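The block underneath contains the structure these notes are about, expressed in structure tokens.
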Amino acid sequence: MITVANLTKKIGDVQALDNLSFSAENGQITGLLGPNGAGKTTCLRTLFGLLKPDSGTAMVDNIDVAIDPIGAKKQLGLFPDPFGLYERLTPREYICFFAELSGMSRKQAKEATANVIAQLKLEDISDRRCKGFSQGQRMKTALAQAIVHQPSNIILDEPTRGLDVMSTRLLRDILLQLKAQGHCVLFSSHVMQEVAALCDRVIVMANGKVVAIGSPDELCQQTGKDSLEDAFIELIGTDEGIAA
Amino acid sequence: MKMIFTMVRKELIDAARDKRSVMAGLYYAIGTPLIMCGLFMVLIGQLSSPEDLNIHIKNANNAPDLVRYLSNNGINHADDEQANKITLTISDDYAANMAKAKQAEVLLVADNSDEKLQKSINRLERQLQAYSSEMGSIRLIARGINPSITQPIKINVQDKATADSKGGMILGLAIFTMMYSVFISGMNLAIDTSAGERERNSLALLLSHPMSTRQLVLGKIIAVTCFALLGLVLILLVSKVAYPFVPWQQIGFTVNISQDFMGLMLLVGIPVALMAATLQLYVSFMAKTFKEAQSYLTMVLFVPLALSMAASYNIAPDVLQWLPVSGQQQALMDFIKGRDIPMMQLIVSSVATLIIAVALAVGLEKSLKSEKVVFGL
Amino acid sequence: MINRKFVNSTSTAQLRATGLCQSVTRVSRWVAVAAAILVANYSSAETTDTLVAEPAKTTTCYLDGLDEQFQCGKITVPENPKQVDGKQIDIHFAILPAIKNTHPDEALLAISGGPGQSAIENAAGFNRMLTKVRQQRDILLIDQRGTGQSNLLSCDDENMSVLSINDSELDTVAMTEACLASIDADVTQYGSNNAVKDFEAVRQFLGYQKLHLYGISYGSRMAQLYMRRYPEALATVTLDGVVPMQQSLVAIGSSIERGLNVLWRDCQSNSECQQHFPDLVNNYNTVDQLLATAPISQQVRDPRTNELAEFMLTRGKFTGAIRMAMYMPNIRALIPHAIHQAAQGNYQPILGIYTLTADSTDIALGMHSSVVCGEDIHRITEQMRKDAKESYIAGSMLDGLVKTCEGWPIPPEDDSFGQPIDSDIPTLLLSGELDPATPPNWGAMAQEKLTKSKHFIAPYATHGVAYQSCGNDLIAQLVDQGSLKDINGDCLQKDVRRSFYLNANTVEALPTVNTPNAIQTTAPANTAADKE
């Protein structure tokens, strides 16, 4: 479970987070929806302790990130944007490396890597170097990295960007699986359909603030619109930076 | 500790597969001694085979004894283009003046700015001088005078140099190349693992994992240090094999890369490699891109290399023997010259090196906690 | 005999350094000794012990005339090998370390002549001559017992004036006895055979598996004895200026006569020399006869100090000076002029040549006597006696040796000593055609039973071929290859002759018309010469 309370962060002259508060529950997929520049990435980075909030707290499974960043990070898996692959490593090496960094022993890491490779059907590319991988292959590798250590919370930063349909579907299936397993899944996106299709809860952000929280249906009702898209535009007051 | 080990292993695997890093670092380590040896072989070949020197002698008939004397010392008359570059003309009144103990003239015409000729010109002049002074001595004998009186002072020289130390200049150069290899070998890895890591966006991912910045920094430092030391080991091995092939003895000394020296070089190299690694990582993390890091590093590395070079050519003030890099280099040179190792200087400079390394590592750790450095904000 | 290369001498210091042998005065004084002296060399012993690097077999030292560091050491041996617990003496040695020691278990042992020269004092000469050998192997120099630092047996009398002394009036027997009385040593133990034992002991001490030998002059006798006694320790041998085992050193008298004859022949066959000194032989005989009647005493300026001094020119000093000049190719070139001048009553050139040799003191005369009186004096043949009657030089040498050995009694070596060496060790023999001490036929004699040997005669070399020619390259080749197979002496044929001095100034042909008037002219010299 991820809880964010009253986060405020100023980067340069921009108020990136402005008294931001929300929570993402276990067994739910929570979407962080907002236009470009709304503060989604800043928020996620704050969750990992990479950015220090000016005020407010970020809790991961009730561990305060500011107080015990290592402990908090142990409960997290990150699917970053961009993926940050090591081109000269194979997916197996890459996944295993991060598994170990997440605290697994080498043996455990190898087993977990093998499992996740099977789970994501990566066998055909698992021992090729990442250089030259397609976007879908990269996504799968990055995703494998994010979940290999079975973190209770999985954070995805713009996970569907640049993905083809097949990859998007696969990602969706995985997220649903994770949800079914009781993980807390939090992803940021500016893609409406994706959020609508997947999310149990949507947190709509704009200018570093939470504009609205609720299930897609609730949001539609709240704004009196038929589609989430319309609801969203209504909520943030503009359609700038939103993709359908 | 396990984290650091995992980091190091990944960095090394990654680096080993990076042809650019491997080439740049190890090419240098393997290539430099070979190139140096090749050059010295050619040089020594020119220096030490006092092949017969052919010159153009005009009016040789005016001084047959002189011509024979020169020929006996390997200086002969020839008429080809090369020989014509040095012309020795014996004056027409040579014999007449000689007979009256007037100065008999010979004329040497050559271009002394032609570096290839300089040696030959010197050699010819030396032989002419020798002939002249021998004749002067015999003239004194013919007059009942002991020729030794023309040399009032007998200069006795006791050179403290040993056979090993005579090769000191060469070895200074060799040590310089070794020091250089410590800096060069790890450089590409350092850039790749810092600026490159950020360029690939993997830095934030790394930092998102449950490891401390210190572990990350140490992992990278150790990986780069390993590469630097690998370069050092390689250059030592290649030097050990290559240098004996050069016929140093023909120019009067030996260049022996002994196992003792290799051991000491390696030992001394460890703090230097650590410092090189932290310095390179520090500078590269400051840069935003791979290219930028490369150009920064080229500028920054000039300092330790200048220190090393200054020490190897002995052109520097005494304070250099206390400074990092140059201090170690001088100690190594003293060792190879068979002198006592200046332990005090070696310790001070090595400790200074380590202090710099630690300071840079601490700085690095701080900077990686800074949002600006990590995200380039 | 001179083993120093004078051909290339480049300075007056070196010229002096060519030193011939014991001062001619002493040569005359020890007439016999002088006659037998084979090798002489200049140098002053100076071995400085510096930092002891390790408690090892050697210490760092410097040697005269060389600026680099060498390794010096000594072993202690019984003076009399049959009395192991008796008096002990130190045998000193020096190692000129190989530049690049590719054969650490080998060394070249260079053996000096004399008898009585110190090898270590001659390190500079050996070092220069053996440069190529030293590139890969140590050069080992040992002061043979009785020489240099190894319990030196000298008989020097510092109070004698070399210029004014009349050597013909000296009492050789009495002086020899006086010297013997002053020496605290069993002089019977300083012969060549004991010395070879010392050499072998040094080899074993230093741990060399094999030695290459270079023996010059009397040193070639030492090398041959080494071959006879310890053949298993030797890889190659070079004998330069060879004294065959069969030959008594006393025979040198006639070699000197041969040397003079070669000189006369050389001058005759050279048009310039022949033209300027047509009566050279007569001139020589004239002076020789004049001095035979009575020595000539003149007021001269001391050649060194320029003080007024009396110069007593005796027959012994005259012939001695000429003899010594014959060792050195460039001084040899002055002999015709010197003789010619002497015949005209100008003894300055003779004085100049004489003074070159007059103050070098590098022959250990006591050791010299111990060798000659034990190994040579009993081998005087009828032919030698006959030669002695016909030649003043040979005669005075024989006479002096006999007198010396009267005062220096040494038990003679038995007949086996004089047997030729029977060996298959690769052996290079070098002889100089112009050698006034060990003529080429001596080399041939030594070769008799050397089954793997080559003998080369250098046509323009005197005594010490390796110093005056490419002979040292041949040695380097032999040492390197360990065999004589590929060695030929072609390079020795190179014409390295020095022209004779035609007056006190020049070796080049004089202008055809040479009027000795003193026209001073401001015109360029060549114009003036042309006018004349």
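How many residues does the range A:121-165 contain that are among the basic types (Lys, Arg), surrounded by 18 or more Cβ atoms within 10 Å (Cβ to Cβ) and farther than 26 Å from A:Val60 by Cβ? Outline the logic, then answer.
So in the range A:121-165, the residues among the basic types (Lys, Arg) come out as A:121, A:128-129, A:131, A:138, A:140, A:161.
Going one step further and asking which of them are surrounded by 18 or more Cβ atoms within 10 Å (Cβ to Cβ), we end up with A:138, A:140.
Next cut, farther than 26 Å from A:Val60 by Cβ only: A:138.
Within the range A:121-165, residues that are among the basic types (Lys, Arg), surrounded by 18 or more Cβ atoms within 10 Å (Cβ to Cβ) and farther than 26 Å from A:Val60 by Cβ number 1.
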Tally, over the range B:88-121, of residues that are within 14 Å of another protein chain (Cβ to nearest Cβ) and at negative phi: 18
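Please go through the range A:78-93 and give me each residue that is at the interface with another protein chain (Cβ under 9 Å from one of its Cβ atoms) and either touching a Phe, Trp or Tyr at 6+ places or on another chain (Cβ under 8 Å) or at pLDDT 90 or above (or both), ordered by number.
A:Leu78, A:Leu85, A:Tyr86, A:Leu89, A:Glu93
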Can you tell me how many residues in the range C:108-122 are within 15 Å of C:Arg134 (Cβ to Cβ) and in a loop (DSSP other than H, G, I, E, B)? 1
Index of the failed condition, C:His92 passing every other in (1) part of a strand (DSSP E or B); (2) on the phi > 0 side of the Ramachandran plot: (2)
It is to be established whether one or more residues within the range A:134-157 are over 17 Å from A:Ala118 (Cα atoms), free of Cβ contacts under 8 Å to residues at least 24 places away in the same chain and not charged (D, E, K, R). yes
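Check whether at least one residue in the range A:177-192 is closer than 11 Å to A:Gly31 by Cβ and modelled with pLDDT of 90 or more, and report yes or no.
For the range A:177-192, residues closer than 11 Å to A:Gly31 by Cβ and modelled with pLDDT of 90 or more: present.
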So C:Gln383, is it surrounded by fewer than 24 Cβ atoms within 10 Å (Cβ to Cβ) and within 14 Å of another protein chain (Cβ to nearest Cβ): no
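Each row is one residue, and each column tells you yes or no for (1) within 12 Å of chain B (Cβ to nearest Cβ); (2) part of a loop (DSSP other than H, G, I, E, B).
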| site | (1), (2) |
| --- | --- |
| A:Ala99 | yes, no |
| A:Arg129 | yes, yes |
| A:Ala146 | yes, no |
| A:Pro151 | yes, yes |
| A:Leu170 | no, no |
| A:Asp173 | no, no |
| A:Leu178 | no, no |
Out of the residues in the range B:268-301 meeting the condition of being under 18 Å from B:Gln328 (Cβ atoms) and surrounded by fewer than 20 Cβ atoms within 10 Å (Cβ to Cβ), tell me which one is nearest to the chain's Cα centre (by Cα). B:Leu301
Within the range C:496-515, can one find any residue that is within 13 Å of chain B (Cβ to nearest Cβ), touching a Gly at 6+ places or on another chain (Cβ under 7 Å) and at pLDDT 90 or above? no
Could you give me the residue pairs with C-beta distances under 8 Å whose first residue belongs to the range C:468-479 and is assigned by TED's automatic domain parsing to the domain that holds C:Thr236 and within 13 Å of C:Cys491 (Cα to Cα), whose second residue is among the small types (Gly, Ala, Ser) and surrounded by fewer than 23 Cβ atoms within 10 Å (Cβ to Cβ) wherever it lies, and which are 6+ apart or on separate chains? C:Leu474/C:Gly489
C:Val262 meets each of (1) part of a helix (DSSP H, G or I); (2) touching a Ser or Thr at 6+ places or on another chain (Cβ under 8 Å); (3) not hydroxyl-bearing (Ser, Thr, Tyr) with one exception, condition (2)
May I ask you to list pairs of residues, at least six apart or on different chains, whose Cβ atoms are under 8 Å apart, with the first in the range C:172-196 being under 25 Å from C:Leu398 (Cα atoms) and assigned by TED's automatic domain parsing to the domain that holds C:Gln419 and the second being at pLDDT below 85 and in a helix (DSSP H, G or I)? C:Thr172/C:Arg29; C:Thr172/C:Val31; C:Thr172/C:Ala32; C:Met175/C:Arg29
Picking from C:Pro278, C:Pro336, the residue that is buried (at least 19 other Cβ atoms within 10 Å of the Cβ), at pLDDT 90 or above and not assigned by TED's automatic domain parsing to the domain that holds C:Leu211 would be C:Pro336
Out of C:Leu313, C:Leu290, sole residue that is surrounded by 22 or more Cβ atoms within 10 Å (Cβ to Cβ), touching a strand residue (DSSP E or B) at 6+ places or on another chain (Cβ under 8 Å) and at pLDDT 90 or above: C:Leu313
I want to confirm something. Restricting to the range A:174-194 and keeping residues that are over 20 Å from A:Val4 (Cα atoms) and hydrophobic (A, V, I, L, M, F, W, C), which single residue is nearest to the chain's Cα centre (by Cα)? A:Leu175
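List the helices (runs of 4 or more DSSP H) that sit entirely inside the range B:111-217 and contain at least 1 residues that are in contact with a His (Cβ under 8 Å, 6 or more places away or on another chain). If you could, list the steps in order and put the result at the bottom.
Numbers: elements: B:115-142, B:163-166, B:168-185, B:187-193, B:195-199, B:202-207.
The qualifying helices (runs of 4 or more DSSP H) are B:115-142.
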Return the pair list, or none, for Cβ contacts closer than 8 Å from residues in the range B:320-334 that are assigned to a loop (DSSP other than H, G, I, E, B) to residues that are hydroxyl-bearing (Ser, Thr, Tyr) and crowded, with 24+ Cβ neighbours inside 10 Å, at least 6 apart or on different chains. B:Leu323/B:Ser349; B:Pro324/B:Ser349; B:Pro324/B:Thr353; B:Val325/B:Ser308; B:Val325/B:Ser349; B:Val325/B:Thr353
Residues located in the range C:131-150, provided they are in contact with a strand residue (DSSP E or B) (Cβ under 6 Å, 6 or more places away or on another chain), farther than 20 Å from C:Arg221 by Cβ and assigned to a loop (DSSP other than H, G, I, E, B): C:Arg137, C:Gln149
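Can you spot a residue in the range A:32-46 that is of a type outside the set (Val, Ile, Thr) and in a strand (DSSP E or B)?
Looking through the range A:32-46, at least one residue is of a type outside the set (Val, Ile, Thr) and in a strand (DSSP E or B).
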If I ask for residues that are under 22 Å from B:Lys19 (Cβ atoms) and facing another protein chain (nearest Cβ under 10 Å), which ones from the range B:202-236 would you list? B:Ser202
Test B:Asn112 against the criterion of being without any contact (Cβ under 8 Å) to a residue 24 or more places away in the chain and crowded, with 17+ Cβ neighbours inside 10 Å, and give yes or no. no
Starting from the range A:1-21, take each residue that is within 12 Å of another protein chain (Cβ to nearest Cβ) and farther than 11 Å from A:Thr57 by Cβ and list its partners that are among the aliphatic types (A, V, I, L, M) and surrounded by fewer than 14 Cβ atoms within 10 Å (Cβ to Cβ), counting only C-beta distances under 7 angstrom and pairs at least six apart or across chains. A:Ile11/B:Leu377
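The values are calculated or read from the model by the stated rules, or taken from the named source; none is laboratory data. Quantities reported herein were computed from a predicted structural model and do not represent experimental measurements. Neighbour counts are summed over all protein chains in view; Cβ atoms, including those assigned to glycine, are modelled from backbone coordinates with ideal geometry.
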